[in-house]
1. Residues that are over 25 Å from the mean Cα position of the chain (by Cα) and either farther than 30 Å from V80 by Cβ or modelled with pLDDT of 95 or more (or both): which strands (runs of 3 or more DSSP E) entirely in region 113-173 hold 1 or more of them?
2. Against the condition outside the structural domain of Y41 (by TED's automatic domain parsing) and in a helix (DSSP H, G or I), how does E77 come out, does it pass?
3. I'd like to check something: does region 141-158 contain any residue that is surrounded by 15 or more Cβ atoms within 10 Å (Cβ to Cβ), hydroxyl-bearing (S, T, Y) and either more than 30 Å from C44 (Cβ to Cβ) or touching a residue at least 60 places away in the same chain (Cβ under 8 Å) (or both)?
4. Could you check how many residues of region 62-80 are under 16 Å from L92 (Cβ atoms) and either crowded, with 17+ Cβ neighbours inside 10 Å or touching a Gly at 6+ places or on another chain (Cβ under 7 Å) (or both)?
5. Can you spot a residue in region 35-47 that is surrounded by 13 or more Cβ atoms within 10 Å (Cβ to Cβ) and more than 16 Å from the ligand (Cβ to nearest atom)?
6. Among all residue pairs at least 6 apart or on different chains, which show Cβ distances below 7 Å where the first residue, located in region 60-73, is in the same structural domain as L112 (by TED's automatic domain parsing) and the second is modelled with pLDDT under 95 and surrounded by fewer than 13 Cβ atoms within 10 Å (Cβ to Cβ)?
7. List pairs: first residue in region 11-22 and more than 9 Å from the ligand (Cβ to nearest atom), second residue part of a loop (DSSP other than H, G, I, E, B) anywhere in the structure, Cβ distance under 9 angstrom, at least six positions apart or on different chains.
Amino acid sequence: MAQTKKSHCPKGHEHTVKNTAVWANGRRECRACSSGRAKAYKACRDLRYSQSPRIRMWIAAKARAARVGVPFDIVVEDIVVPECCPVLGLKLERNVGQSGPADNSPSLDRFLPQFGYVPDNIRVISHRANRIKTDATPVELRRVAAWIEAEMLAALLSIARYGTLVIHGTLLQVP
Ligand SMILES: [Zn+2]
């Protein structure tokens with residue numbers, strides 16, 4: 001058993017139980033090495049992204065266009081990043097050092113999604129605004145907003161009336 005396995009990884013880290021990840025296929029991986037690789041990769045990526053959010057958005061948009069099958073005909077210079085999100089007013093900042101975008105990360109929107117990434121059809125807005133919009137129409141967004149307001153009003157009335165939250169006959173914990 002253990003005698004047939006090497007005691008250290010090629011970089012000299014000891015193969016202790018704690019430092020060894022065992023894959024389903026039996027492959028063993030040195031945790032110190034793999035976390036070192038992940039850190040180096042992240043540092044390099046963050047540097048690249050922080051230097052140019054427009055290049056990052058261009059690369060991501062090109063891949064997305066190919067994936068969803070919409071036109072892609074923009075150069076990096078077509079991407080204009082405003083100071084603030086024109087939808088929600090958030091100051092646009094790249095989420096450096098975090099995994100994934102933040103609400104106020106700049107995000108490239110296809111205004112009319114099916115027309116793809118062509119100069120007149122792109123806008124840089126906050127990730128949050130883009131996530132809310134997705135491919136919704138104005139009518140749909142108004143309906144969603146009206147529904148949320150109505151449900152919130154019902155919840156507030158329930159709290160005012162019963163001192164607790166009862167929605168559709170279900171008692172919820174009031175935080
Ligand atoms: Zn190692």
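1. Numbers: elements: 122-126, 165-167, 170-172.
In region 113-173, 165-167, 170-172 are the strands (runs of 3 or more DSSP E) which contain 1 or more residues that are over 25 Å from the mean Cα position of the chain (by Cα) and either farther than 30 Å from V80 by Cβ or modelled with pLDDT of 95 or more (or both).
2. Numbers: outside the structural domain of Y41 (by TED's automatic domain parsing): yes; in a helix (DSSP H, G or I): yes.
Considered against the rule, which asks whether it is outside the structural domain of Y41 (by TED's automatic domain parsing) and in a helix (DSSP H, G or I), E77 comes out as yes.
3. Restricting attention to region 141-158, the residues satisfying the condition of being surrounded by 15 or more Cβ atoms within 10 Å (Cβ to Cβ) are 155, 158.
Among the residues that remain, those that are also hydroxyl-bearing (S, T, Y) are: 158.
After this cut, where a residue has to be either more than 30 Å from C44 (Cβ to Cβ) or touching a residue at least 60 places away in the same chain (Cβ under 8 Å) (or both) as well, the list is 158.
Yes: region 141-158 contains one or more residues that are surrounded by 15 or more Cβ atoms within 10 Å (Cβ to Cβ), hydroxyl-bearing (S, T, Y) and either more than 30 Å from C44 (Cβ to Cβ) or touching a residue at least 60 places away in the same chain (Cβ under 8 Å) (or both).
4. Taking region 62-80 and keeping what is under 16 Å from L92 (Cβ atoms), we get 79-80.
Cutting the leftovers down to either crowded, with 17+ Cβ neighbours inside 10 Å or touching a Gly at 6+ places or on another chain (Cβ under 7 Å) (or both) gives us 79.
Residues flagged as under 16 Å from L92 (Cβ atoms) and either crowded, with 17+ Cβ neighbours inside 10 Å or touching a Gly at 6+ places or on another chain (Cβ under 7 Å) (or both) within region 62-80 amount to 1.
5. Restricting attention to region 35-47, the residues satisfying the condition of being surrounded by 13 or more Cβ atoms within 10 Å (Cβ to Cβ) are 36, 46.
Cutting the leftovers down to more than 16 Å from the ligand (Cβ to nearest atom) gives us 46.
The answer is yes; a qualifying residue exists.
6. From region 60-73, the pairs are V70/Q114.
7. Listed pairs, sorted by first residue: T20/C9; A21/R27.
The values are calculated or read from the model by the stated rules, or taken from the named source; none is laboratory data. Since the structure is predicted, the reported quantities are computational estimates derived from the model, not experimental observations. All Cβ positions, glycine included, derive from the backbone under ideal geometry; neighbour counts span all protein chains shown.
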